[in-house]
1. Scan the stretch 524-542 and tell me whether some residue there is open to solvent by less than 10 Å² (accessible area, probe 1.4 Å) and polar (S, T, N, Q).
2. Take the residues in the stretch 586-624 that are open to solvent by 90 Å² or more (accessible area, probe 1.4 Å) and assigned to a loop (DSSP other than H, G, I, E, B), then tell me which one is nearest to A418 (Cα to Cα).
3. Any idea which residue in the stretch 498-512 is nearest to L542 (Cα to Cα), counting only those that are modelled with pLDDT under 95 and open to solvent by 40 Å² or more (accessible area, probe 1.4 Å)?
4. Could you go through the stretch 528-550 and let me know if any residue there is among the acidic types (D, E) and within 40 Å of the chain's Cα centre (by Cα).
5. Quick one: how many residues across the stretch 354-376 are open to solvent by less than 10 Å² (accessible area, probe 1.4 Å) and aromatic (F, W, Y)?
6. Mind counting the residues in the stretch 396-418 that are more than 17 Å from C448 (Cβ to Cβ), open to solvent by 70 Å² or more (accessible area, probe 1.4 Å) and free of Cβ contacts under 8 Å to residues at least 60 places away in the same chain?
7. Can you find a residue that is farther than 30 Å from I31 by Cα, polar (S, T, N, Q) and without any contact (Cβ under 8 Å) to a residue 60 or more places away in the chain anywhere in the stretch 167-187?
8. If I ask for residues that are aliphatic (A, V, I, L, M) and either within 30 Å of A90 (Cα to Cα) or part of a strand (DSSP E or B) (or both), which ones from the stretch 1-53 would you list?
Amino acid sequence: MAHPLTQVGRSATRLDGQAKVSGAMRYAADIERPGMIWGKCLRSPYAHARIRSIDTAAAKKIGGVFAVLTADDLPPRLVGRRLKDMPVLAQQIVRFIGERVAVVAAQTPEIAEEALSRIVVDYEEMKSVHGPIEAMTAEAAIVHENLRSYEILHLPLPDIPNVHSHVQSVFGDVAQGFQESELIFEQTFTTPRVHHGYLEPHAVVVDIEASGRILVWCPAKGPYVTRSHLAEWLDLPEEKICFQISPVGGDFGGKASLMDIPLCYSVAKTTGRPVKMIMSYSEELTAANPRHPAQITIKSGLKRDGRLWAREVRAIFNSGAYAGFKNSDTVNLPGVRHGAGAYFIPHLKINAFSVYTNCVPSGIMRAPGEAQMLFAVESHTDFLAAQMKMDPIEFRYLNLLKRGDLLPYGVRLEDDKARQLLKRVAAKIGWNGARKRQPYVGQGLAFCIREIGIGEANIEVGLKDDGRVYLVTTVPDTGTGSHTIFRQIAAETLGVDADDVEIVMGTTDYFPTDVAVAASRVTYLAGQASQKAASGLYDLLLNEAAEAFRCLVETLRIGKSVLRNGAKQRISFAELAARAASAGRKLQVKANFQIQERGGTACFFAQAAKIKVDPETGKVNILKMLSAHDTGTVINPLTYQGQ
């Protein structure tokens, strides 16, 4: 018989809550190092221009300026998460307003800004292109003349100007599906560029030790991946670089790139001093890595009874000036695979194009490509229901994925939770059919599917000398409360209170790798690693106590940091730690958990609303708003609600 859960399932206190609300939390921008100076970037005022010359002489003469660097002072290697197409500083050509042209190192930010104003750049403005549709025409300016020479561009490119990635997915026979369809409808949707809106801007501190070891503080959501990219650009072993895991003041996908780290290193190397760089909010909005604008065309074929039978999707994403912020092997947006939404369509074709323009480079934001695609799919779904004169709920229910249907990544769905969830949403929101609607009252619903990401995670759980449980992680907490979740899981396994588990932040020296915060996978991967490590420690404790009591492990019980053998014998965690230490043993366990293939389990979600409009003023009143989620065990209810 399973024991009732005491730690998992309760709203344990957020580990980081007090430090955040009191201002005591130290983010990357708060780090101070002896002798530290500041770095600032000069940025292009042009969307597309050739750099004829850069004169830095006047800037270098200012008191308090330690260095002024241009592309000529840096390694020529390009950077990027998959496609290496971005220079650290512009090399001969600038491709968007806000591109980095030079960097200044100075005693204070104010002196650095003054030095930037003294740098003289002679530009030759060139023809630019800003929309992806225009960029794909023969008359458009070419953003990257040498695209085919870039590193890690192993995919075939279509003969379309400025297209750096074309991905096609086909299920069934789309031509046949449209022939068999009795009704065909087509719509086009557009979505805008969106900045992530995190409160903490990009910031970095680099300090190079006398040994040459490089210390980095930055809000990286994936420290190990970011370290590997930096090591690659520097042509150094990863072991020479150590990322200190910093709290992340909001991420939403936007803090996975190198951003200013190579520049900060270059200035630190040149000056021999620690360097700090912080992007202003103006720089964030003009030169970070926002969500891709998109144009999505959906053509759907249906049977007269309302069944979806065929679909063709054409998604065109505005990549901006560089594609290096994208992390997929295809250098495209993986969310396009959801062109069918949460519905079964026997015949489906999806074409996705990522296109260079002279805009700010687009990057990853909350389920890359999914938000754009699902907005189009669900808007189109409502349109189709109206054309078929069906209630939107009924139309969705008829077409929802069911057990055994093929998912976008090639495996079959293992449950029928989509239909259960839709029924509950309709009941909870008080959905009224077309005949029962009230004047000026509207209702709407969106439904989607999402899978859990794959990868691996590492955790260490052990006892300190005083018997307290500690947990070592190198997963940054981006504000989601993941560290609180880890200790709840470990506490549940070990029979202690979550508040008694101390979280210890490791560095990238501690584990060979760890999970990056992405793809809804942190709790799934690092949570299971926490449980695995805690279970390993549990076994060590049982064995240590059994040896002390000279009894069988099966007779022992654990709880409240004590092991008991019957009613008379007890030994505390502190005593076990001391006993093990005296024998040269450590009560600690490192655990690795990994999943490399997606299974047939998926999560379904719905958002429903009922509103009333005042016909005289146009004021919209929300009568009811409902979020519904197909989740597993809720580990922390308060954190779950916050998400």
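The values are calculated or read from the model by the stated rules, or taken from the named source; none is laboratory data. From a predicted model like this one, the values you see are computed outputs, not experimental measurements. Here the Cβ is made from the backbone with ideal geometry for all residues, glycine too, and neighbour counts use every protein chain on show. The accessibility values were calculated without ligands, DNA or RNA, using every heavy atom of the protein model including side chains. Shrake-Rupley method; radii C 1.70, N 1.55, O 1.52, S 1.80 Å.
1. Looking for residues that are open to solvent by less than 10 Å² (accessible area, probe 1.4 Å) and polar (S, T, N, Q), one finds at least one in the stretch 524-542, hence yes.
2. E597
3. D500
4. For the stretch 528-550, residues among the acidic types (D, E) and within 40 Å of the chain's Cα centre (by Cα): present.
5. Of the residues in that region, 1 qualify.
6. Adding up the residues that qualify gives 1.
7. Among the residues of the stretch 167-187, at least one is farther than 30 Å from I31 by Cα, polar (S, T, N, Q) and without any contact (Cβ under 8 Å) to a residue 60 or more places away in the chain, which makes the answer yes.
8. A28, A29, I31, M36, I37, L42, A47, A49, I51
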